[in-house]
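Just below is one structure, and these are the notes that go with it.
The values are calculated or read from the model by the stated rules, or taken from the named source; none is laboratory data. Being a predicted model, the structure only gives us computed values, none of them experimental. Reconstructed Cβ throughout: ideal geometry from the backbone, glycine too, with neighbour counts over all protein chains shown. The accessibility values were calculated without ligands, DNA or RNA, using every heavy atom of the protein model including side chains. Shrake-Rupley method; radii C 1.70, N 1.55, O 1.52, S 1.80 Å.
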Amino acid sequence: MVLLSNNTLYWVFTVLIFGITLIMGIVMMRRTRKLWLSFGISTLFNTVMTVLVCLWWARITDDAYSVLFHNAFFLLGYFNVVIIDFFALVSIQRKTLGEGVKKRKKTYEEEYGDT
């Protein structure tokens, strides 16, 4: 059985939480096509998991500097994931509504008919 160190677990939790948050938001947006619902639920999941991991890290680590540094990094990553998630969901919404596709300009013949 392989035991992971606390530092390794910290990074595994970081990747999993941020990855699951983005995947969850994208999947929900594609299924429901509701931007704020998808964004709200994925952000709520991200917030709860971030708080839990920060509390876990503060509990298992004795060094105050390490707790501060790792939690600051985690919170910076949290805000980055929220921003990336929001813009990804807005992009998906625009693509599904057809706003992202430019319309072809009509030719003279199509616009005014044959003269």
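I'd like the full set of residues that are of a type in the set (S, T, Y) and surrounded by 12 or more Cβ atoms within 10 Å (Cβ to Cβ), limited to the stretch 20-41. Hits for the stretch 20-41 are T21, S38. Taken over the stretch 1-19, residues that are within 11 Å of the chain's Cα centre (by Cα) and loosely packed, with under 15 Cβ neighbours inside 10 Å amount to 1. Taking the stretch 68-99 as the range and being under 21 Å from L16 (Cα atoms) and surrounded by 14 or more Cβ atoms within 10 Å (Cβ to Cβ) as the test, the residues that pass are H70, N71, F74, G77, Y78, V81, V82, I84, D85, F86, A88, L89. Note on the stretch 60-79: among residues that are of a type in the set (S, T, N, Q) and assigned to a helix (DSSP H, G or I), the one that is nearest to V48 (Cα to Cα) is N71.
Quickly run through the stretch 18-59 and pick out the residues that are touching a residue at least 60 places away in the same chain (Cβ under 8 Å), farther than 10 Å from D85 by Cα and part of a helix (DSSP H, G or I).
Of the residues in the stretch 18-59, the ones touching a residue at least 60 places away in the same chain (Cβ under 8 Å) are 18, 21-22, 25-26, 29-30, 33.
From what is left, the residues that are farther than 10 Å from D85 by Cα are 29-30, 33.
Within the stretch 18-59, M29, R30 meet the criteria.
Checked against the criterion of being within 17 Å of L76 (Cα to Cα), polar (S, T, N, Q) and at pLDDT below 95, the candidates T50, T32 yield just one match: T50. Of the residues T50, T61, the single one that is over 17 Å from I26 (Cα atoms), open to solvent by less than 60 Å² (accessible area, probe 1.4 Å), in contact with a Leu (Cβ under 9 Å, 6 or more places away or on another chain) and hydroxyl-bearing (S, T, Y) is T50. Could you give every pair whose Cβ atoms fall below 8 Å, whose first residue belongs to the stretch 61-79 and is closer than 18 Å to S5 by Cα, and whose second residue is open to solvent by 60 Å² or more (accessible area, probe 1.4 Å) and modelled with pLDDT under 90, counting only separations of at least 6 or pairs across chains? Pairs found: T61/N6.
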